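Asker: Can you read through this structure? Questions will come right after.
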Amino acid sequence: MNVDEFYGQMSNSYGKNHFEVDKPFQMILRHFTGAVPDLVSLGSFAGKELYELADYVDKTARPRLVNWSINGERVDGVWLDPSERIALEKLFKDFGVNKPPYRGGTWFDHYAAIYLISDPGIACILTVTNQTAYALYKYGDEEQNRLVGGMIGEEEQVKYGATWFTELQGGSDLGANLVEAHQEEGVWRIVGDTKYFASDAGLADYAIVTARPKGAPAGAKGLGLFLVPRYDTRGRRNFDVRRLKDKSATASVPTGEVEFHGSEAKPVGDLQSGIYYTMENLMVSRLANSFGALGVARKAFLEAYYYTQKRRAFGRLLVEQPLVQRDLLDMEVYVEGSLALALKAVDQFENSWKETPPYTNAYHYARLLTHITKNTTAEMSAYTTKMAMELLGGLGFLNEYPIERLHREALITPIWEGPSNIQALDMLEVISKKGAHLMLLEDMKSLEAGLIEGREVAALAVKKIEDALALLSSSEDAAAQFYAKDVLNTLGHGVATIMLLEVGRGLGSHRFVSVAQLYARHFLEGKPYPAESLEIARKLFAIDEPAQDT
Ligand SMILES: Cc1cc2nc3c(=O)[nH]c(=O)nc-3n(C[C@H](O)[C@H](O)[C@H](O)COP(=O)(O)OP(=O)(O)OC[C@H]3O[C@@H](n4cnc5c(N)ncnc54)[C@H](O)[C@@H]3O)c2cc1C
């Protein structure tokens with residue numbers, strides 16, 4: 001048995017081109033970008049080598065912390081399986097997945113790649129490196145600017161970045177950060193042992209780290225952002241990696257605990273603006289999280305979809321059973337709505353990523369859409385991967401096959417980059433302090449006005465959004481917080497509905513109007529799908545069939 005045959009028996013979607021089979025993705029992307037980027041070879045890599053690799057690393061070859069060299073020196077490095085290291089270099093250099101807009105790429109290309117890769121561990125390595133490059137490009141000095149090339153695949157040697165904000169006493173509450181920075185003979189030094197969830201620890205060449213300069217005020221506004229290299233100016237190891245976390249998923253990224261004992265550092269930009277730079281950085285990773293969540297959901301859908309075409313029960317294929325058709329429809333509608341929403345957020349980010357404090361409304365609107373998208377895609381991913389597991393029956397629960405891993409991977413997406421409660425609180429802030437909801441409403445109403453088909457569905461979505469927002473404006477602080485997650489969910493479903501309609505309008509495709517109608521009915525109104533949905537279900541979830549735009 002050759003290798004392909006072997007893994008093909010573990011997976012129903014292995015060996016397929018995950019870009020080519022995904023017609024809805026191609027079409028939604030085309031609506032936003034005008035022309036679909038050439039992702040065929042990445043789709044093939046993602047559906048084969050990378051897919052197998054993600055499973056292999058998860059089950060057999062997790063990164064290992066190596067504290068000591070053969071010469072007895074403390075090194076605190078991480079061993080990655082050679083296949084993972086090679087795959088990462090390929091992604092950086094051959095596929096150029098981290099190429100940012102300031103170097104000829106686009107955010108659309110980058111996030112589309114994260115979607116296809118759909119391994120949150122690998123995506124995390126790419127993302128934290130991308131975030132480091134982004135911070136240095138935007139706010140770094142000349143010397144820091146020169147480091148960017150290695151992190152975006154422009155140089156022979158790939159350089160890895162990291163973003164270490166979370167501490168033992170709190171990740172959501174960054175204002176509680178205890179790690180400190182002080183100057184000694186003109187050199188900044190970092191002290192503290194609480195960077196408690198540090199992805200890329202042991203792998204990163206450079207980390208951007210939040211730390212409070214001595215004498216700076218308490219709370220988030222007192223935090224500065226520092227660049228901490230792996231080796232200091234005398235070539236010595238610059239910090240300790242205490243241990244790697246033993247995680248449920250995201251195996252391919254090493255996540256460790258880091259201690260600083262007077263580590264050399266250099267401020268990034270203005271020390272008083274650290275928290276603003278950190279929030280900007282989180283926008284990059286929250287969008288990446290959204291596409292990682294979407295990609296995992298899509299891979300789980302593919303596993304289930306192909307399985308239902310092979311498995312018989314009660315004398316018929318599963319895919320022919322009405323309840324299975326309903327499940328596949330449900331997953332597909334949820335994925336497509338979330339995709340349209342997430343690409344809308346990227347579109348707004350494309351319009352505003354260059355901004356620096358003080359920001360305009362365009363940036364605040366991008367932030368609001370990012371909170372909404374991060375929450376909706378993560379919920380969708382947890383649901384879709386669970387449903388896909390269920391459709392594989394008992395097989396879905398076995399460690400041997402990729403489907404249970406996909407569900408474990410999905411479950412990180414509502415937690416890191418700020419759990420859903422934190423997205424809800426951040427949404428409240430950008431609404432109450434910046435009025436970002438006004439831009440959202442204006443935009444959604446103007447999209448509604450431009451529609452020819454499905455205007456009544458868009459009107460319903462706008463009304464739901466308005467009603468949800470009214471819940472906030474008529475509430476005291478505590479009540480606003482109490483309702484915030486319900487509001488965040490409704491905004492997600494409302495914007496997803498309108499964006500599906502807008503995709504339908506832009507592409508002249510009735511298909512997306514049908515998906516929008518189903519999305520609104522089920523996710524926005526919480527009602528069962530109408531009876532006639534059974535007729536069209538098969539057309540909608542058969543995502544690999546060419547007639548997707550009829
Ligand atoms: C695998 C992995 C890798 C990670 N990598 C990194 C990394 O590289 N860099 C980094 O900086 N961090 C990293 N993190 C940390 C991650 O971002 C945090 O775990 C996350 O932001 C939540 O913080 P916490 O764990 O401290 O939870 P807490 O902040 O303690 O939150 C616990 C719960 O309380 C809720 N909560 C907190 N405050 C409120 C409130 N005011 N109102 C309502 N609910 C509230 C939260 O929503 C959450 O559900 C990683 C985490 C994991 C699991």
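Asker: Residue 130: more than 10 Å from the ligand (Cβ to nearest atom), of a type outside the set (Phe, Trp, Tyr), surrounded by 15 or more Cβ atoms within 10 Å (Cβ to Cβ) and more than 25 Å from residue 242 (Cβ to Cβ), yes or no?
Answerer: yes
Asker: Only residues that are in contact with a strand residue (DSSP E or B) (Cβ under 9 Å, 6 or more places away or on another chain) and in a helix (DSSP H, G or I): list them for the stretch 279-318, please.
Answerer: Going residue by residue through the stretch 279-318, those that are in contact with a strand residue (DSSP E or B) (Cβ under 9 Å, 6 or more places away or on another chain) are 281-282, 285, 308-311, 318.
Within the stretch 279-318, 281, 282, 285, 308, 318 meet the criteria.
Asker: Residues that are within 24 Å of residue 334 (Cβ to Cβ), without any contact (Cβ under 8 Å) to a residue 12 or more places away in the chain and not assigned by TED's automatic domain parsing to the domain that holds residue 396: which helices (runs of 4 or more DSSP H) entirely in the stretch 6-108 hold 1 or more of them?
Answerer: 23-33
Asker: Condition check: under 15 Å from the mean Cα position of the chain (by Cα), of a type in the set (Val, Ile, Thr) and assigned to a helix (DSSP H, G or I). Does residue 377 satisfy that?
Answerer: yes
Asker: In the stretch 138-169, how many are more than 22 Å from the chain's Cα centre (by Cα) and of a type in the set (Phe, Trp, Tyr)?
Answerer: So the answer is 1.
Asker: Considering the stretch 217-238 alone, what residues qualify as being in contact (Cβ under 8 Å) with a residue 24 or more places away in the chain and more than 12 Å from residue 274 (Cα to Cα)?
Answerer: Residues satisfying the conditions are 218, 228, 229, 230, 232, 233, 237, 238.
Asker: Evaluate the following for residue 168: is it within 13 Å of the ligand (Cβ to nearest atom), of a type outside the set (Asp, Glu) and farther than 13 Å from residue 212 by Cα?
Answerer: So residue 168 fits the description; yes.
Asker: Of all residues in the stretch 471-495, count the ones that are within 15 Å of the ligand (Cβ to nearest atom) and in contact (Cβ under 8 Å) with a residue 60 or more places away in the chain.
Answerer: 5
Asker: Return yes when residue 440 is in contact (Cβ under 8 Å) with a residue 40 or more places away in the chain and within 11 Å of the ligand (Cβ to nearest atom) and no when it is not.
Answerer: no
Asker: Restricting attention to the stretch 382-419, which residues are crowded, with 21+ Cβ neighbours inside 10 Å, within 15 Å of the ligand (Cβ to nearest atom) and at negative phi?
Answerer: Within the stretch 382-419, 405, 409, 410, 412, 413, 414 qualify.
Asker: A follow-up question, please. Before we move on, is residue 235 within 12 Å of the ligand (Cβ to nearest atom) and not assigned by TED's automatic domain parsing to the domain that holds residue 85? Walk me through how you get there before you give the answer.
Answerer: Details: within 12 Å of the ligand (Cβ to nearest atom): no; not assigned by TED's automatic domain parsing to the domain that holds residue 85: yes.
The answer is no for residue 235.
Asker: Next question. Looking only at the stretch 247-287, filter to residues that are surrounded by 23 or more Cβ atoms within 10 Å (Cβ to Cβ) and over 18 Å from the mean Cα position of the chain (by Cα); which one of those is farthest from residue 214 (Cα to Cα)?
Answerer: By that ranking, first place goes to 256.
Asker: Next up: Considering each of 284, 296 in turn, give the residue that is closer than 23 Å to residue 101 by Cα and in contact (Cβ under 8 Å) with a residue 24 or more places away in the chain.
Answerer: 284
Asker: Also: For the stretch 185-232, name all the residues that are hydroxyl-bearing (Ser, Thr, Tyr) and away from the ligand (no atom under 16 Å from the Cβ).
Answerer: Residue satisfying the conditions is 231 alone.
Asker: So which residues in the stretch 517-550 are more than 23 Å from residue 302 (Cβ to Cβ) and surrounded by 15 or more Cβ atoms within 10 Å (Cβ to Cβ)? Don't jump to the end; show me each part of the working.
Answerer: First, pick out the residues of the stretch 517-550 that are more than 23 Å from residue 302 (Cβ to Cβ): 517, 520-521, 524-528, 530-532, 535.
Within the stretch 517-550, 517, 520, 521, 524 qualify.
Asker: Give me the helices (runs of 4 or more DSSP H) completely within the stretch 439-548, filtered to those with at least 3 residues that are in contact with a Pro (Cβ under 9 Å, 6 or more places away or on another chain) and under 25 Å from residue 324 (Cβ atoms), ordered by residue number.
Answerer: On the way: elements: 455-473, 477-507, 510-519, 533-541.
Once the helices (runs of 4 or more DSSP H) in the stretch 439-548 are filtered for at least 3 residues that are in contact with a Pro (Cβ under 9 Å, 6 or more places away or on another chain) and under 25 Å from residue 324 (Cβ atoms), what remains is 510-519, 533-541.
The values are calculated or read from the model by the stated rules, or taken from the named source; none is laboratory data. Just so it is clear, the model here is predicted, and its values are computed rather than measured. Cβ: placed from backbone, ideal geometry, glycine included. Neighbour counts: every protein chain shown.
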